[in-house]
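Student: I have a structure here, written as structure tokens, and I will follow up with some questions on it.
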Amino acid sequence: MDEKTRKEIEEKIVPKYRTRRSACMATMQLVQSQKGHLTKEDMEEIAALLGMQPVEVEAVGKFYTMYNVERPVGRYHIQVCENLSCSLMGGEHILKHIERLLGIKTGETTSDKKFTLSTVQCLGSCGTAPVIQINDDYYENLNEKKVEEILGKLR
């Protein structure tokens with residue numbers, strides 16, 4: 001973590017919270033945004049900066065699917081919802097279609113490092129299933145054609 005990032009954490013993130021440790025998730029998000037994932041060393045630095053144990057930061061990173069812990073991801077991280085609503089509305093079919101289009105399986109990254117495909121338990125958009133999230137954007141009410149259009153624009 002560079003000095004500029006440390007300064008941003010100290011001056012902009014930590015003051016928003018009652019306790020330093022409460023700034024953990026926002027700090028992790030900032031650090032991850034710089035390189036796409038969090039290393040063990042990143043989490044140790046975050047822990048030291050916020051007065052936490054490294055294992056506490058690691059637990060947050062492993063619990064929440066928005067953090068890419070020890071796993072670099074492609075430029076576009078595609079997360080396919082596999083909760084009940086999405087499953088009933090064709091989420092599994094969408095997942096298989098994306099795997100075919102990209103030539104990768106869940107948990108893999110394309111050889112050009114452009115796409116990483118993963119599944120998540122719920123994206124909280126059950127009324128518009130099936131849903132995927134690519135980086136910070138949601139794509140809802142999906143079908144094969146919509147998926148092809150979305151991926152076509154990103155290629």
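Student: May I ask you to verify whether L102 is on the phi < 0 side of the Ramachandran plot, in the same structural domain as S22 (by TED's automatic domain parsing) and crowded, with 19+ Cβ neighbours inside 10 Å?
Tutor: For L102, the condition - on the phi < 0 side of the Ramachandran plot, in the same structural domain as S22 (by TED's automatic domain parsing) and crowded, with 19+ Cβ neighbours inside 10 Å - is not met.
Student: Something else now. For the range 98-145, how many residues are touching a residue at least 40 places away in the same chain (Cβ under 8 Å), farther than 10 Å from Q79 by Cβ and part of a strand (DSSP E or B)?
Tutor: Here the count works out to 1.
Student: For residues in the range 9-55 being in a helix (DSSP H, G or I) and of a type in the set (V, I, T), which is surrounded by the fewest Cβ atoms within 10 Å (Cβ to Cβ)?
Tutor: Checked the range 9-55; the qualifying residue surrounded by the fewest Cβ atoms within 10 Å (Cβ to Cβ) is V55.
Yes or no, residue by residue, for (1) within 15 Å of T65 (Cβ to Cβ); (2) surrounded by fewer than 21 Cβ atoms within 10 Å (Cβ to Cβ); (3) aromatic (F, W, Y):
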{"residue": "R75", "(1), (2), (3)": "no, yes, no"}
{"residue": "E82", "(1), (2), (3)": "yes, yes, no"}
{"residue": "S87", "(1), (2), (3)": "no, yes, no"}
{"residue": "I94", "(1), (2), (3)": "no, no, no"}
{"residue": "K114", "(1), (2), (3)": "no, yes, no"}
{"residue": "T119", "(1), (2), (3)": "yes, yes, no"}
{"residue": "C126", "(1), (2), (3)": "no, yes, no"}
{"residue": "I132", "(1), (2), (3)": "yes, no, no"}
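Student: Is it the case that some residue within the range 75-83 is touching a Phe, Trp or Tyr at 6+ places or on another chain (Cβ under 9 Å), closer than 30 Å to D2 by Cβ and in a loop (DSSP other than H, G, I, E, B)?
Tutor: yes
Student: Another question, then. Taking the stated definitions as given, is Q121 at pLDDT below 95, under 26 Å from A23 (Cα atoms), under 16 Å from the mean Cα position of the chain (by Cα) and polar (S, T, N, Q)?
Tutor: It is true that Q121 is at pLDDT below 95, under 26 Å from A23 (Cα atoms), under 16 Å from the mean Cα position of the chain (by Cα) and polar (S, T, N, Q).
Student: Under the condition of being at pLDDT 95 or above and touching a His at 6+ places or on another chain (Cβ under 8 Å), which residue from the range 134-147 is surrounded by the fewest Cβ atoms within 10 Å (Cβ to Cβ)?
Tutor: That would be E144.
Student: Take the conditions surrounded by 15 or more Cβ atoms within 10 Å (Cβ to Cβ), acidic (D, E) and either over 28 Å from C126 (Cβ atoms) or outside the structural domain of E99 (by TED's automatic domain parsing) (or both) and apply them to E58. Does it pass? Outline the logic, then answer.
Tutor: Values: surrounded by 15 or more Cβ atoms within 10 Å (Cβ to Cβ): yes; acidic (D, E): yes; either over 28 Å from C126 (Cβ atoms) or outside the structural domain of E99 (by TED's automatic domain parsing) (or both): yes.
Against the criterion (surrounded by 15 or more Cβ atoms within 10 Å (Cβ to Cβ), acidic (D, E) and either over 28 Å from C126 (Cβ atoms) or outside the structural domain of E99 (by TED's automatic domain parsing) (or both)), E58 qualifies.
Student: Got at least one residue in the range 88-100 being modelled with pLDDT under 95 and among the hydrophobic types (A, V, I, L, M, F, W, C)?
Tutor: Within the range 88-100, not a single residue is modelled with pLDDT under 95 and among the hydrophobic types (A, V, I, L, M, F, W, C).
The values are calculated or read from the model by the stated rules, or taken from the named source; none is laboratory data. Quick caveat, the model's predicted, so the values are computed rather than measured. Don't worry about glycine lacking a Cβ; one is built from the backbone with ideal geometry, like all the others, and counts go over all protein chains shown.
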